[in-house]
Amino acid sequence: MKTIFQNNRPFFIFLATFFVTYGILFGVYQMYLGQFDIDKFETDRFTISVSNQTSQIIKWFGYESRVEPHQSQPCYKLFVNEKYMVRVVEGCNAASLMVLFVAFILAFKGSWKRTLGYMIFGLIAIHILNVFRIAFITIGLYHYPHLQHILHDILFPLIIYGTIFLLWVGWVTKWSNYAKK
């Protein structure tokens, strides 16, 4: 058993770093969410911010858009041309994906300066992509409501998860300590 650990030490260090980092960040995020009373339909501030930013993006594309708190759920309702289109729930804000992204980057760390810079770049890229993702899903549903399953469950998850995967691959192959020089 000791030989297995010694022969695969980098792999076990990666796993330990990933799971410890993920556990800590997940715990911090859950503590943040715990500040909001879902029984009173309180929505966390990050989800509210994502909702408002999405509405602004939709306006940039020439539609009327607004958001308002849902009366019976902890989320925000997003309207396009006064038509209620989607709920923006906590799961839509991409925070969980950001936690996963950061845990992976730290597990494959590079120099601290490079690691921090790439994490900031990646988090901003994920956030911007996510806001546009919600805007495009909403506009798509406005015009093609029958494509809800394809837009929400297949196409846009593929885009955001694919982008995060490509960010990871770029990090590991170009900038981490494991990149071939």
Exercise for the section: Spot the failing condition for Thr115; the list is (1) crowded, with 17+ Cβ neighbours inside 10 Å; (2) more than 30 Å from Lys59 (Cβ to Cβ); (3) over 19 Å from the mean Cα position of the chain (by Cα); (4) of a type in the set (Val, Ile, Thr), and only one is missed. Expected result: (3)
Practice task
State whether the residues of segment 65-75 include one that is touching a Lys or Arg at 6+ places or on another chain (Cβ under 8 Å), among the hydrophobic types (A, V, I, L, M, F, W, C) and without any contact (Cβ under 8 Å) to a residue 24 or more places away in the chain.
Solution key: yes
Handout entry: The one condition in (1) within 16 Å of the chain's Cα centre (by Cα); (2) farther than 29 Å from Ile137 by Cα that Leu25 fails to fulfil
Key = (2)
Practice task
Among the residues of segment 139-150, write down those that are without any contact (Cβ under 8 Å) to a residue 12 or more places away in the chain and of a type in the set (A, V, I, L, M, F, W, C).
Solution key: Leu147, Ile150
Handout entry: Residue in segment 1-21 that is part of a loop (DSSP other than H, G, I, E, B) and touching a residue at least 24 places away in the same chain (Cβ under 8 Å) present
Key = no
Handout entry: Lone qualifier among Ala107, Ala95 - being farther than 25 Å from Phe41 by Cβ and touching a helix residue (DSSP H, G or I) at 6+ places or on another chain (Cβ under 8 Å)
Key = Ala107
Handout entry: Sole residue being out of contact with any Ser or Thr (no Cβ under 9 Å at 6 or more places or on another chain) and not basic (Lys, Arg), chosen from Glu64, Glu90
Key = Glu64
Fill in the blank from the handout: Within segment 61-104, the residues that are under 18 Å from Phe156 (Cβ atoms), of a type outside the set (Gly, Ala, Ser), part of a helix (DSSP H, G or I) and out of contact with any Leu (no Cβ under 8 Å at 6 or more places or on another chain) are Cys92, Asn93, Leu97, Leu100
Problem - Every pair of residues 6+ apart whose Cβ atoms lie under 7 Å, when the first sits in segment 30-57 and is more than 25 Å from Asn81 (Cα to Cα) and assigned to a helix (DSSP H, G or I) while the second is at pLDDT 95 or above and hydroxyl-bearing (Ser, Thr, Tyr) - result: none
Handout entry: Checklist (1) within 29 Å of Leu106 (Cβ to Cβ); (2) touching a residue at least 40 places away in the same chain (Cβ under 8 Å); (3) not hydroxyl-bearing (Ser, Thr, Tyr) applied to Lys83, failing item
Key = (1)
Problem - Single match in Phe136, Phe101, Phe108, Phe132 (criterion: surrounded by 12 or more Cβ atoms within 10 Å (Cβ to Cβ), touching a residue at least 12 places away in the same chain (Cβ under 8 Å) and within 18 Å of Phe26 (Cα to Cα)) - result: Phe101
Exercise for the section: Working only within segment 49-86, note down all residues that are within 19 Å of the chain's Cα centre (by Cα) and of a type in the set (Ser, Thr, Tyr). Expected result: Ser49, Ser51, Thr54, Ser55, Tyr76
Practice task
Would you confirm whether any residue within segment 138-161 is at pLDDT 95 or above, part of a helix (DSSP H, G or I) and under 21 Å from Arg45 (Cβ atoms)?
Solution key: yes
Exercise for the section: Could you please let me know if Met98 is more than 18 Å from the chain's Cα centre (by Cα) and modelled with pLDDT of 95 or more? Expected result: no
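The values are calculated or read from the model by the stated rules, or taken from the named source; none is laboratory data. Worth saying up front: this structure is predicted, and the values here are computed from it rather than measured. Cβ atoms come from the backbone with ideal geometry, glycine included; neighbour counts cover every protein chain shown.
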